[in-house]
Amino acid sequence: MTTTRELLTEHPFLAGLPSHWMEHLAGQVRRVAYPAGQRIFDDGGPAEHFWLIVSGRVALDIHVPGRGEVVIETLLPGTVLGWSWLFPPQRWHFGAVAAELTHTVRLDAAGVMKLCEQNPELGFDLLRRFIGVLTDRLQATRVRLLDLYEHPATDR
């Protein structure tokens, strides 16, 4: 069986993070599995954790009046879920639901934030990693918007 420390070390989001920081982060984790269809968090709810996706898929969604929850992105293994804990007021900007059985490593945001405040080098490293995630997701959104612009739906 893979240890939690090995899951952290092998996860692409934390690739190359010095081992002494892994030791600190290991104290903030819990393995969590979500069955297909289970909601992980809701838009507007408190952002108290973030997750490293080990297996499965997570759908990010947003509520659209008259249409319900609309999936805007699907996250795959090797990605990270949740960055709203980094910024006040620490509330989710989207919802998330397991699209299939999904295994994760859940990190406690308050504990990680405390580690980052005590160890600015770790904080800077993690912030750079999250900025990379935000940049990738923003670029993916731009591509989707361009596709919508070039191929508008006829039922609008």
- Task: Could you grab the relative contact order for the chain? Cα pairs under 8 Å, six or more apart, rounded to a whole percent.
- Result: 27 percent
- Highest-MSF residue in the chain out of 104, 74, 141 [GNM, Cα springs under 10 Å]: 141
- Message: Counting other C-beta atoms within 10 Å, and keeping those with at most 13, which DSSP coil trypsin sites (Lys or Arg not before Pro) do you find in segment 6-90?
- Response: 67
- Note on the structure: To the nearest 10 degrees, the tilt of helix 109-118 (Cα long axis) against the first principal axis of the alpha carbons of the chain is 50 degrees
- So what's the back-of-envelope 222 nm ellipticity for the chain, counting only DSSP H runs of four-plus at -39500 (n - 2.57) apiece and dividing by all residues, rounded to 500? -11500 deg cm²/dmol
- Message: Let me check the size of segment 62-156 from its C-alpha atoms; what are the radius of gyration and Dmax in Å?
- Response: 16.5, 54
- Message: I want to check the label-to-label distance for residue 101 and residue 121. Put each point 7 Å from Cα in the C-beta direction and report it in nm to one decimal.
- Response: 4.1 nm
- Query: Taking the simple approach of a point 7 Å from Cα along Cα-to-Cβ for both residue 31 and residue 140, what is their distance in nm?
  - Reply: 2.5 nm
- Dipole magnitude (debye, nearest 20) for segment 57-156, charges at Cβ of Lys, Arg, Asp, Glu: 120 debye
- Message: Under 17 Å from a point placed 7 Å out from the Cα of residue 9 along the Cα-to-Cβ direction: which residues of segment 22-41 have their backbone N that close?
- Response: 22-29
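Only the coordinates and a few stated rules stand behind these numbers; no lab work does. The shown structure was predicted, so the numbers you read here are calculated from the model rather than taken from an experiment. A quick note on method: Cβ atoms are made from the backbone with ideal geometry, for glycine too, and the neighbour counts reach across all protein chains shown.
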